[in-house]
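Report on one structure; see the data block that follows.
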Amino acid sequence: MRAHVIDALPAPGGQCIALYPDKPIYDIPAVPVCTGRELVARLLEQIRPFAPSMHLSQLVTEVIPQADQSIHVRTSAGLSFVTQTLFIAGGVGAFLPRALALPGIQAFSGTQLHTAPSLPPPGQHIIILGQSDTALEHAIALHQHGGCASITVIHRRDQFDANQATVLAFAALRQDHHVSFIAAQATGFEHRNNRLTALHLATTQGHPLTLPADSLYTYLGLSPKLGPIADWGLNLDHKQIPVDPTTFQTHTPRLYAVGDINTYPHKKKLILCGFHEATMSAHHAADQLRPESAGPLQYTTTSKKLHQLLGLIPDPAST
Ligand SMILES: Cc1cc2nc3c(=O)[nH]c(=O)nc-3n(C[C@H](O)[C@H](O)[C@H](O)COP(=O)(O)OP(=O)(O)OC[C@H]3O[C@@H](n4cnc5c(N)ncnc54)[C@H](O)[C@@H]3O)c2cc1C
């Protein structure tokens, strides 16, 4: 059996990557301490033999169970799948870029207002709002690429939540006046002929300022939105999906919910519990789909079949 993984984030890892990549986790069994990033890296290494297809930076928008028990799934990037089983591991919702709260500015979204790095046409005045690695790395990359009329990073404090090497590289460019930094907040904008032309700011000292703006990049963090999951007819209970705690199946056959998104008596939102739920639901789904192959539980230490799947010994089926 093969799996497709779909996530709104540009990289796998959910909360561990989006919310606490560098914080230590102390309660993963047999791993006394690792950061969120390290845990995800280890998990990706462990699943590599199974080669799941990753479809990132897109929302699952539609989940429609069919009369024949298959499930139709569609994403915001236009992909569609017909699957026999679906595992919803939607956590606290899809992590989406936090929008700039200036009324009307979203009209420029995708043309002059962006939430992901890109290379704008030459000669433009670029404004980057944010203080993360992405914000600073983008400013550095734009300078290295060359051709911008100006590159200005704006954040309310002259402090960055970024990798030390990136902060130092950005500081060097600032010192040489290749990029600018202003401690300020965006308060408004100007436009002419349907084009964004300038951004209004209030500096931390309270002074108003207007900067020319041809492209505006906002890296204001991510916020989880339950979004479409609420529309899939899953009988949500306080934004959680009720499941059978022995199989983690929802009230729809072959549709499972694991991890923080599900609810059952005495539920604990822990990574360890998510691993257990995923294991139990995967076994249940496999038994449903391939009843003829449902046999005794096999151990990775001793099972030849599992060693083949892990690529430790040749799989005669693939030769
Ligand atoms: C600061 C912090 C520290 C923590 N420390 C610990 C700890 O020490 N130990 C521990 O066990 N737990 C800890 N946790 C909790 C742990 O991170 C969660 O239990 C775990 O991440 C849940 O995993 P999940 O896969 O269920 O959901 P998530 O990690 O939330 O992942 C859900 C994913 O689904 C995606 N998604 C949702 N809806 C859609 C959609 N419609 N389309 C596409 N993608 C979608 C999201 O983008 C996200 O990537 C901590 C949590 C936080 C916030």
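Points to keep in mind about this one:
- Some residue of region 62-74 being within 17 Å of the chain's Cα centre (by Cα) and under 28 Å from Ala116 (Cα atoms): no
- Residue match in region 231-238 (condition: surrounded by 14 or more Cβ atoms within 10 Å (Cβ to Cβ) and either of a type outside the set (Phe, Trp, Tyr) or at pLDDT 95 or above (or both)): yes
- Restricting region 257-274 to residues that are hydrophobic (A, V, I, L, M, F, W, C) and exposed (fewer than 15 other Cβ atoms within 10 Å of the Cβ), the residue that is nearest to the ligand (Cβ to nearest atom): Leu270
- Search result, residues across region 246-287 that are among the small types (Gly, Ala, Ser) and closer than 18 Å to Met1 by Cβ: Ala278, Ser281, Ala282, Ala285, Ala286
- Identity of the residue in region 28-69, among the small types (Gly, Ala, Ser) and within 12 Å of the ligand (Cβ to nearest atom), that ends up surrounded by the fewest Cβ atoms within 10 Å (Cβ to Cβ): Ser57
- Here region 71-103 is the region considered, the condition is being farther than 19 Å from Asp231 by Cβ and touching a residue at least 24 places away in the same chain (Cβ under 8 Å), and the residue that is farthest from the ligand (Cβ to nearest atom) is Leu102.
- Selection from region 139-172 of residues that are crowded, with 16+ Cβ neighbours inside 10 Å, of a type in the set (A, V, I, L, M) and closer than 25 Å to Pro208 by Cα: Ala139, Ile151, Val153, Ile154
- Considering only residues in region 216-256 that are within 16 Å of the ligand (Cβ to nearest atom), aliphatic (A, V, I, L, M) and in a loop (DSSP other than H, G, I, E, B), the one that is nearest to Ala101 (Cα to Cα) turns out to be Leu226.
- All positions within region 241-256 that are crowded, with 19+ Cβ neighbours inside 10 Å and touching a strand residue (DSSP E or B) at 6+ places or on another chain (Cβ under 6 Å): Ile241, Val243, Phe248, Gln249, Thr250, Leu255, Tyr256
The values are calculated or read from the model by the stated rules, or taken from the named source; none is laboratory data. All of these numbers come straight from a predicted model, not from anything done at the bench. Counting neighbours? That spans all protein chains shown, and the Cβs are built from the backbone with ideal geometry, glycine included.
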